[in-house]
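*Asks:* Encoded as C-alpha cells, here's the structure I'll be asking about.
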Amino acid sequence: MTALLKVEGLVKRFPVKGGLFGRVVDHVHAVDGVSFDLAAGETLGLVGESGCGKSTTGRCILRLIEPTSGQVWFDGQEVTALDKPALRGMARQMQIIFQDPYASLNPRMTVAAIVGEALTIHKLAANAQAARDRIVELLETVGLSAAQMQRYPHEFSGGQRQRIGIARALAVSPRLIVCDEAVSALDVSIQAQVINLLEDLQARFGLTYIFIAHDLSVVEHTSTRVAVMYLGRIVEIAPAKALYTQPRHPYTEALLSAVPIPDPRLKRKRIMLQGDVPNPIHPPSGCHFHTRCAIAEKGRCDVVAPVLKPVASGHLVACHLRS
C-alpha cells in the first residue's frame, strides 16, 4: 500500500541561549531521527511521556515548527521543500486539532468567524450565504447547532470547544489531521464522546489521523498502529493489538504496566522505572533509555544507538536485546 505520509530522519533541535549577549550555548534535542509511514485511512497513535517530542513531531510534519533536518512527504510531495505559497496550499490537506480547547480558540471571535476563517483564507465559499451554509453544515457535523454560531468560546464547555476546533479543522476538507492531545484536557466521559466523534468522521470522510497522547489507554481502541516515543526517538512501532498484547521494548512494557485493568480479579505487575527522564539538552549516549532500563548491557546499550528493526510482521523495535 502506498504511504500517504512518509517521514524520514526528522530532527528538531531548539537553541538554548545564555550569557550577556544571548548567544546559543546548547540545543534541546526535541526530536532525534524519527521515521515512519502512514497509509491513507490509517490512525497512528503516537504515545510517550510528557516532553518526549510527540507534539513537536506533529508540528514539524505540518511545518508549524520548522524541522532542523529530515524529510516529510505527503502524497508524494516533499513538504519540507515547499516555499510559503505552496505550503499554504498544502495546509488544506493537513490540519491539526490542538490540545487545549480553552487556549486554541480566539476569545474575541464568534464560532462562525472561527470556523469560517479558513473558508475565507482559502477562498472556499463563493459568497457570504455559501459560507454561512458551510459553517452550519460543519457545526451540525460535529454535534453543534446553527443557533450557536454567533456565540463566543467562553459560552461553551470544554467538550463543545473541542468540537469547534474539530469543525475548524474539517472546514478545508483535509486528508490528514494531527490530533495533538485532543482529549487530554477533557473529562473522561467527554473524552469518549470526542473519540467516538473522531472515529465517525474518519469513517465518513476517509480521514487519516496521527493521534498524539501520553495515555496508552486512550489510543488502544482508536489506532491502527501505535508508535512509542522516548526522549525524541521512536523505540517501538507495531499494530495496536500486537503492541498491547506483546510489547517488546522495555520502555513499552513499563508504560503498559501502569495502564489500569478494569477487571478487579486481574492484577498486572507494575514495572517501576528508576530515576527521571534524562535532560534532553544532554541525552544519554547509545540507547537513550539505557539509564533507566533493567536489562541494559554496559558497553553496548550505552555506546551504540539501536535502530528500528522488524521482529514480526509490521512490528519494529529499537532494542539491542529484543530483536
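Throughout, read-outs are computed from the coordinates displayed, never taken from laboratory work. None of these values were measured; they are calculated from a predicted model. Note that we place each Cβ from the backbone using ideal geometry, even for glycine, and neighbour counts take in every protein chain shown.
*Asks:* How long is the gain from ARG204 to ALA40 if the chain were fully straight, where each residue apart is worth 0.36 nm and the alpha carbon distance is subtracted?
*Replies:* On the way: separation 164, 0.36 × 164 = 59.04 nm, distance 1.36 nm.
Contour length minus Cα-Cα distance gives 57.7 nm.
*Asks:* For the range 70-86 and the range 236-299, compute the distance between their C-alpha centroids and round to whole Å.
*Replies:* After rounding, the separation between the Cα centres reads 34 Å.
*Asks:* Based on the Cβ-Cβ distance of LEU82 and ARG265, what FRET efficiency does E = 1/(1 + (r/R0)^6) give at R0 = 41 Å, to the nearest 0.05?
*Replies:* On the way: r = 55 Å, r/R0 = 1.34.
The pair LEU82/ARG265 has a calculated efficiency of 0.15.
*Asks:* Give the Rg (one decimal place) followed by the Dmax (whole number) of the range 4-66, computed from C-alpha coordinates and expressed in Å.
*Replies:* So, for the range 4-66, Rg and Dmax equal 14.4, 51 Å respectively.
*Asks:* Shifting gears a bit: Could you pull out every one of the lysines with an alpha carbon less than 29 Å from that of LYS123, ignoring same-chain neighbours closer than 8 positions?
*Replies:* Partners found: LYS6, LYS84.
*Asks:* Per residue of the range 21-36, in order, report the coupling 6.51 cos²θ - 1.76 cosθ + 1.60 (Karplus, θ = phi - 60°) as ³J(HN,Hα) in whole Hz, putting x for Gly and Pro.
*Replies:* Ordered by residue, 3J(HN,Hα) equals 9, x, 6, 6, 9, 6, 9, 8, 8, 6, 10, 10, x, 7, 9, 6 Hz.
*Asks:* Go ahead and set up a Gaussian network model of the chain, Cα springs under 10 Å, then flag whichever of ARG233, ARG265, ARG168 fluctuates most.
*Replies:* Answer for the Gaussian network model of the chain: ARG265.
*Asks:* Can you tell me the equivalent ellipsoid semi-axes for the range 78-180? Use √(5λ) from the Cα gyration tensor, largest first, whole Å. Please report the intermediate quantities before stating the final value.
*Replies:* Values: eigenvalues 106, 56, 25 Å².
So the three semi-axes of the range 78-180 are 23, 17, 11 Å.
*Asks:* Please list the radius of gyration and Dmax for the range 20-107, considering alpha-carbon atoms only, with Å as the unit.
*Replies:* Spelled out, the Cα radius of gyration and Dmax of the range 20-107 are 15.2, 51 Å.
*Asks:* Right, another one. All other residues with a Cβ under 12 Å from the Cβ of LEU139 taken together, and with Lys, Arg as +1 and Asp, Glu as -1, what is their net charge? Can you show the working numbers first?
*Replies:* Values: positive: ARG132, ARG134, ARG151, ARG163, ARG168; negative: ASP133, GLU137, GLU140.
With Lys, Arg at +1 and Asp, Glu at -1, the neighbours total +2.
*Asks:* If we restrict to alpha carbons, what Rg and Dmax does the range 243-290 come to, in Å?
*Replies:* Radius of gyration, then largest Cα-Cα span, for the range 243-290: 13.8, 44 Å.
*Asks:* If every alpha-carbon in the range 144-237 counts as one equal scatterer, what log10 I(q)/I(0) does Debye give at q = 0.10, 0.16, 0.19, 0.24 1/Å?
*Replies:* Per q value, in the given order, log10 I(q)/I(0) is -0.30, -0.73, -0.99, -1.39.
*Asks:* Arranged by the count of other C-beta atoms within 10 angstrom, fewest first, what order do PHE74, PHE156 take?
*Replies:* With the sparsest Cβ surroundings first, the list reads PHE156, PHE74.
*Asks:* Based on the Cβ-Cβ distance from ARG151 to VAL303, what FRET efficiency comes out when R0 is 41 Å, to the nearest 0.05? Kindly include the intermediate steps, with their values, before the conclusion.
*Replies:* Numbers: r = 59 Å, r/R0 = 1.44.
So, using R0 = 41 Å, E works out to roughly 0.10.
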